[in-house]
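Working notes for the structure below.
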Amino acid sequence: MTRNPFPNLYATLVGNLRKPAEVLAEQRARQLGILLRHAYENVPLYRSLWDAAGVRPDDIRSPADLPRLPMIDKECIVAAGNDAVDRNVDPASLDEMSTSGTSGRAITMRREIREMRLVRRSYLRSLFYNGARPWHRNVTMASTWLSKKKGLFIGLVAKTRHIYPKDTLDQQINTLREFKARNLMGQTGGLYLLAREILRRGETFPLKLLAPTGATLMPQMRQAMRDAFQTEPRDLYGAVELGAIAWQCKRGSYHIDADRTLVEIVDSDGNPVPSGETGQVVCTTLHGYALPLIRYRLRDVASFSNQTCECGIRFPLMNAPQGRINDFLPTPTGELVSPHYLYHIFDHVGGSPVKEWRIIQHAPDRLTYEYVPEDDFNSSALEGGMNVIRERFGAGVNVRAVKVESVPMTPNGKRTCIVSELDPNAIGGMRPWDIEAQAGMSHDLADKYGMIAK
Ligand SMILES: [Zn+2]
């Protein structure tokens with residue numbers, strides 16, 4: 001078995017970020033070729049998928065040819081079991097990391113140690129470029145990112161503490177104060193709850209760096225974090241099975257983690273959408289050999305950016321992710337409404353009359369908007385917002401506003417503004433994202449690898 005190439009520490013932390021676009025593109029194309037040949041030779045899942053599609057690794061000369069390959073997703077990897085793993089490695093020798101499984105089926109990602117190290121380094125470099133240093137007082141809200149298996153250097157040098165979402169907010173705030181935390185990183189939902197509690201007490205806790213990850217950073221979350229921690233959050237957009245996909249630099253741009261991850265933004269057929277237009281995010285990890293993820297479809301919605309950034313990092317840019325497709329609400333006619341739309345329903349009625357809210361979709365034409373009123377609540381502003389929702393979902397849609405004492409959170413601190421109670425049978429047997437999941441794959445293979453909604 002030949003050893004596959006890996007970037008060294010210098011390239012990961014410094015060199016790759018400064019490479020001109022054409023040098024990086026050439027490097028990515030070469031790396032992709034190596035990965036595709038490896039997957040075709042050694043990973044049964046990809047061989048059967050690509051044989052069925054009539055495509056060979058050599059047909060893919062650059063990332064632009066990727067749409068010729070079928071997409072896969074989490075369900076597909078779970079169903080393939082050991083067929084998704086390099087048949088030359090002993091699965092027992094691989095490091096395992098499970099996703100929480102709160103959104104759909106859980107996946108156990110398996111990596112060799114050096115793959116693991118690369119994922120960790122790419123995360124660390126995002127913190128480094130935002131000013132964090134190991135000898136600072138760093139607090140991590142335990143997440144699957146860094147809580148286990150620290151590198152030797154980090155283990156020896158780093159000043160770190162952990163706080164845990166299951167701790168009370170009191171305990172979490174005490175840890176920050178006692179440790180005199182300077183940088184704080186961790187789960188988006190957990191950090192948001194902490195920010196709200198600090199604000200509720202009428203206090204602030206100034207930090208140098210706040211780095212949330214693990215969920216879409218919605219505008220109200222960003223605002224609360226900025227107010228409580230007196231610094232602009234630097235969001236890291238990633239997934240447990242992929243590592244970092246894009247991260248915000250000091251100027252606030254989302255740089256794609258381009259030396260490690262190929263990002264495509266595609267329509268429902270898997271074809272690329274023009275830059276600036278929104279579509280679903282599909283990723284290929286260039287250095288994942290043990291369990292390759294090639295054209296791995298996340299259900300996230302985002303767009304590429306045509307902007308440039310002057311921060312010195314030359315990785316290309318995308319716009320802020322807009323959420324998961326599962327958070328989008330279907331209208332009775334099958335259109336999808338973005339969660340962002342719902343964050344802006346009061347823009348034209350003179351300020352939000354609600355402190356907190358969540359929307360529950362019982363059926364495509366039946367929604368409940370639960371809200372906690374602002375101190376200077378104004379019922380006509382609320383009604384104006386409800387009309388904005390009605391307009392978007394179409395005539396005859398029933399939107400009911402219900403006042404509540406507080407909006408419930410999930411136990412792990414996840415914020416659920418969007419709750420779907422849709423019965424797939426009520427909407428033609430499948431939800432839009434189930435139908436899209438099958439795009440680009442034959443029915444038999446989709447069935448074999450669990451892509452048919454049961
Ligand atoms: Zn930048």
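The values are calculated or read from the model by the stated rules, or taken from the named source; none is laboratory data. It should be emphasised that the depicted structure is a prediction, and the values quoted were computed from it without experimental measurement. Because the Cβ atoms are built from the backbone with ideal geometry, glycine has one as well, and the counts that use them run over all protein chains shown.
Looking at the structure I just gave you, is His348 part of a loop (DSSP other than H, G, I, E, B) and either closer than 23 Å to Ser62 by Cα or basic (Lys, Arg) (or both)?
Details: part of a loop (DSSP other than H, G, I, E, B): yes; either closer than 23 Å to Ser62 by Cα or basic (Lys, Arg) (or both): no.
No, not satisfied.
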Which members of segment 301-349 meet the condition of being surrounded by fewer than 21 Cβ atoms within 10 Å (Cβ to Cβ), charged (D, E, K, R) and within 23 Å of Trp247 (Cα to Cα)?
Glu310, Arg314, Arg324
When both residues are 6+ apart or on different chains and their Cβ atoms are under 7 Å apart, which pairs have a first residue that lies in segment 108-136 and is under 28 Å from Ala181 (Cβ atoms), and a second that is aromatic (Phe, Trp, Tyr) and surrounded by 18 or more Cβ atoms within 10 Å (Cβ to Cβ)?
Tyr123/Trp145; Ser126/Trp247
Among (1) on the phi > 0 side of the Ramachandran plot; (2) crowded, with 18+ Cβ neighbours inside 10 Å, which single condition is Ser352 missing?
(1)
Search result, residues across segment 107-137 that are surrounded by fewer than 22 Cβ atoms within 10 Å (Cβ to Cβ), assigned to a strand (DSSP E or B) and not charged (D, E, K, R)
Thr108
Residue hits (segment 163-193; in a helix (DSSP H, G or I) and either touching a strand residue (DSSP E or B) at 6+ places or on another chain (Cβ under 8 Å) or of a type in the set (Ser, Thr, Tyr) (or both)) are Gln171, Gln172, Thr175, Leu176, Phe179, Thr188, Gly190, Leu191, Tyr192
Taking segment 217-237 and keeping residues surrounded by fewer than 23 Cβ atoms within 10 Å (Cβ to Cβ) and touching a strand residue (DSSP E or B) at 6+ places or on another chain (Cβ under 7 Å) leaves Thr231
Of the residues in segment 389-406, those that are at pLDDT 90 or above and polar (S, T, N, Q) come to Asn398
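Which one of these is over 25 Å from Ala320 (Cβ atoms) and out of contact with any strand residue (DSSP E or B) (no Cβ under 7 Å at 6 or more places or on another chain): Gly351, Gly394, Gly385?
Details: Gly351 fails: over 25 Å from Ala320 (Cβ atoms); Gly385 fails: over 25 Å from Ala320 (Cβ atoms).
After applying the criteria, what remains is Gly394.
Could you grab me the full set of residues in segment 293-310 that are among the β-branched types (Val, Ile, Thr) and in a strand (DSSP E or B)?
Here is the first cut: in segment 293-310, the residues among the β-branched types (Val, Ile, Thr) are 294, 301, 308.
Within segment 293-310, Val301 is the sole residue that qualifies.
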Report the residue count in segment 238-277 for those that are closer than 18 Å to Tyr289 by Cα, in contact with a Phe, Trp or Tyr (Cβ under 7 Å, 6 or more places away or on another chain), part of a strand (DSSP E or B) and of a type in the set (A, V, I, L, M).
2
Of all residues being on the phi > 0 side of the Ramachandran plot and crowded, with 21+ Cβ neighbours inside 10 Å in segment 238-270, which is nearest to the ligand (Cβ to nearest atom)? Just the residue, please.
Gly243
Show me the helices (runs of 4 or more DSSP H) entirely contained within segment 1-80 in which 1 or more residues are among the basic types (Lys, Arg).
21-42, 44-53, 74-80
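Okay, residues lined up against (1) touching a helix residue (DSSP H, G or I) at 6+ places or on another chain (Cβ under 7 Å); (2) under 19 Å from Asp257 (Cβ atoms):
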site: Val14; (1), (2): no, yes
site: Leu49; (1), (2): yes, no
site: Pro63; (1), (2): yes, yes
site: Pro67; (1), (2): no, no
site: Val85; (1), (2): yes, no
Just for segment 311-343: of the residues that are within 16 Å of the ligand (Cβ to nearest atom) and part of a strand (DSSP E or B), which one is nearest to Gly15 (Cα to Cα)?
Leu317
Out of the residues in segment 297-310 meeting the condition of being out of contact with any helix residue (DSSP H, G or I) (no Cβ under 8 Å at 6 or more places or on another chain) and of a type outside the set (S, T, N, Q), tell me which one is farthest from the ligand (Cβ to nearest atom).
Leu298
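If you check Glu356 against the conditions, is it in a strand (DSSP E or B), at pLDDT 90 or above and more than 16 Å from the ligand (Cβ to nearest atom)?
No.
Only one residue in Leu291, Leu242, Leu217, Leu262 is in contact with a Cys (Cβ under 6 Å, 6 or more places away or on another chain) and among the aliphatic types (A, V, I, L, M). Which one? Please lay out each step first, then the result.
Values: Leu291 fails: in contact with a Cys (Cβ under 6 Å, 6 or more places away or on another chain); Leu217 fails: in contact with a Cys (Cβ under 6 Å, 6 or more places away or on another chain); Leu262 fails: in contact with a Cys (Cβ under 6 Å, 6 or more places away or on another chain).
Being in contact with a Cys (Cβ under 6 Å, 6 or more places away or on another chain) and among the aliphatic types (A, V, I, L, M) holds for just one of Leu291, Leu242, Leu217, Leu262, which is Leu242.
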Check Ala381, Ala290 and return the single one that is assigned to a helix (DSSP H, G or I), away from the ligand (no atom under 16 Å from the Cβ), more than 19 Å from the chain's Cα centre (by Cα) and not hydroxyl-bearing (Ser, Thr, Tyr).
Ala381
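Can you tell me how many residues in segment 163-178 are at pLDDT 85 or above, within 24 Å of Leu236 (Cα to Cα) and not polar (S, T, N, Q)? Please lay out each step first, then the result.
Of segment 163-178, the ones at pLDDT 85 or above are 163, 169-178.
Imposing the further condition that a residue be within 24 Å of Leu236 (Cα to Cα) reduces the set to 163, 169, 172-173, 175-176.
Then drop every residue that is not not polar (S, T, N, Q), which leaves 163, 169, 173, 176.
Qualifying residue count, segment 163-178: 4.
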Output for segment 206-237, where each listed residue is at pLDDT below 90 and at positive phi
Gly214
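Condition first: within 16 Å of the ligand (Cβ to nearest atom) and part of a strand (DSSP E or B). Now tell me which residues in segment 207-237 satisfy that.
Of segment 207-237, the ones within 16 Å of the ligand (Cβ to nearest atom) are 209, 211, 232-237.
Once the filter is applied, which keeps residues that are within 16 Å of the ligand (Cβ to nearest atom) and part of a strand (DSSP E or B), segment 207-237 yields Leu209, Ala211, Leu236, Tyr237.
Each row is one residue, and each column tells you yes or no for (1) of a type in the set (Val, Ile, Thr); (2) closer than 20 Å to Asn4 by Cα; (3) buried (at least 17 other Cβ atoms within 10 Å of the Cβ).
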{"position": "Gln31", "(1), (2), (3)": "no, yes, yes"}
{"position": "Ser48", "(1), (2), (3)": "no, no, no"}
{"position": "Val55", "(1), (2), (3)": "yes, no, yes"}
{"position": "Ala64", "(1), (2), (3)": "no, no, no"}
